[in-house]
Amino acid sequence: MIIVLKPNSSRETVDHVLECIEAMGLTPHLSQGVSRTIIGVIGDESKLRAAPLQAIAGVEQVLPILKPFKLASREFHPEDLVINLKGVRIGGGSLAMIAGPCAVESEPLLTEVAEQVRAAGANILRGGAFKPRTSPYSFQGLGREGLKILRAVGDRFGMPVVTEVMDPRQVEMVVEHADMIQIGARNMQNFDLLKEVGRTPIPVLLKRGMSATVKDLLMSTEYILSQGNRRVILCERGVRTFEDSTRNTLDLSIVPNVKGLSHLPIIVDPSHATGRPDLIPSMALAAVAAGADGVHIEVHSCPEKALSDGPQALVPAQYAELMTRIRAVARAVGSTIAEPEPSAEPALLHS
Ligand code: PEP
Ligand code: MN
């Protein structure tokens, strides 16, 4: 159910409604808009129907949420969610430009890539320390050492950092080092992992599963949101189809589709979606034109030597060229590329 409070309700009224809902044995979820306050009450349908919610003073309307996803729905949060990641605003026309190598391989390599993607305008640094590889004999990531390198390099260039977790036991360690947690495609329906990241205080980048529908994706966000973490960014990274000339098939229509259904930002990863550097630029431009809230691109200074996903990496010069074109498309559709907050200590680029 959605409880819409009377316009410009005072703090006391909101608290009163929350207390009444709790006294009925239900859990309220608050969504405070600019002039409207909405409270989502989710739980046992029969208990909800029986609860005299309409009778609470200050309540204007009680509406059912007809969609199976509740806290992720636009009804619950009509305005676009804007997430502030260390000064980088993501959502509502402000774009996340996430770039970096597939895996953190070494400090010199990450430094080289970070310096160049930052100069090109990337605002968030990525790099996996725990890698979900198809083969257990392939490079699995540097683990804690990789997280430390990512943190240090991100700080040096004033970039917030995002990295993947694969197991609930890694979550605490990743939260200590990263600014945003990535849940990879293979774990989109690892519900215990989703609940675990739902209890953390940092935003979550949730990638679409390889054969997940839009509804599956939004139901997965519900596992995170219902634990209290409201800051989820969705990521389209291609789905499995019969087509085998690309690594996956990019489903770009998901961007306006999700925007109609949910307030959560959605970004696009053309690297994993196509697996082909010759296709990544066009798909990145198309994503921004379609209204995506950002683009996630793998960049490596020496793709032929990369320990994972080398064949799909752009080199820094290609990324820089793409960024100039992305800026033009962003301008045309009225989006802006966010700048990270200047760090307290200026980054020493050539120390
Ligand atoms: C990645 O971002 O490196 C990755 C493994 O992505 P996905 O989960 O989309 O395959
Ligand atoms: Mn990768």
The range 176-214: number of residues that are crowded, with 19+ Cβ neighbours inside 10 Å and either part of a loop (DSSP other than H, G, I, E, B) or free of Cβ contacts under 8 Å to residues at least 40 places away in the same chain (or both):
18
Among the candidates R144, R151, R126, R89, which residue alone is crowded, with 21+ Cβ neighbours inside 10 Å, modelled with pLDDT of 95 or more, of a type in the set (K, R) and on the phi < 0 side of the Ramachandran plot?
R126
Tell me, please, whether a residue that is over 25 Å from N257 (Cα atoms), touching a residue at least 24 places away in the same chain (Cβ under 8 Å) and either within 15 Å of ligand 2 (Cβ to nearest atom) or of a type in the set (V, I, T) (or both) can be found in the range 278-285.
no
Is it true that some residue in the range 18-33 is in contact with a helix residue (DSSP H, G or I) (Cβ under 9 Å, 6 or more places away or on another chain), more than 19 Å from K70 (Cα to Cα) and not in a loop (DSSP other than H, G, I, E, B)?
yes
Inspect the range 129-140 for any residue being modelled with pLDDT of 95 or more, buried (at least 18 other Cβ atoms within 10 Å of the Cβ), more than 16 Å from ligand 2 (Cβ to nearest atom) and not β-branched (V, I, T) and give the result as yes or no.
no
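So that you can scan it fast, the table gives a plain yes or no per residue for (1) aliphatic (A, V, I, L, M); (2) within 16 Å of ligand 2 (Cβ to nearest atom); (3) in the same structural domain as V17 (by TED's automatic domain parsing); (4) in contact with a His (Cβ under 7 Å, 6 or more places away or on another chain):
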residue: L48; (1), (2), (3), (4): yes, no, yes, no
residue: A57; (1), (2), (3), (4): yes, no, yes, yes
residue: A72; (1), (2), (3), (4): yes, no, no, no
residue: L85; (1), (2), (3), (4): yes, no, no, no
residue: A99; (1), (2), (3), (4): yes, yes, no, no
residue: E112; (1), (2), (3), (4): no, no, no, no
Scope the range 112-153; condition more than 16 Å from ligand 1 (Cβ to nearest atom) and not aliphatic (A, V, I, L, M); matching residues
E112, E115, Q116, R118, G121, N123, Y137, R144, E145, K148, R151
Taking S271 and the conditions (1) hydroxyl-bearing (S, T, Y); (2) over 22 Å from K70 (Cβ atoms); (3) surrounded by fewer than 24 Cβ atoms within 10 Å (Cβ to Cβ), which numbered condition does it fall short on, given that it satisfies the others?
(3)
So for the range 298-308 (the condition being closer than 21 Å to A120 by Cα and more than 16 Å from ligand 1 (Cβ to nearest atom)), does at least one residue qualify?
yes
Qualifying residues in the range 116-128 (those that are under 16 Å from A313 (Cβ atoms) and not in a loop (DSSP other than H, G, I, E, B)) - the one nearest to ligand 2 (Cβ to nearest atom):
G128
Those residues of the range 120-174 which are of a type in the set (K, R) and in contact (Cβ under 8 Å) with a residue 40 or more places away in the chain, in sequence order:
R126, K131, R133, R156
Count, please, the residues in the range 311-332 that happen to be within 16 Å of ligand 1 (Cβ to nearest atom) and crowded, with 16+ Cβ neighbours inside 10 Å.
4
Filter the range 232-270 for residues that are in contact with a Lys or Arg (Cβ under 8 Å, 6 or more places away or on another chain) and of a type in the set (S, T, Y); which is farthest from ligand 1 (Cβ to nearest atom)?
S262
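The values are calculated or read from the model by the stated rules, or taken from the named source; none is laboratory data. This is a predicted model, so every value here is computed, not measured. We place every Cβ from the backbone using ideal geometry, glycine too, and count neighbours over all the protein chains shown.
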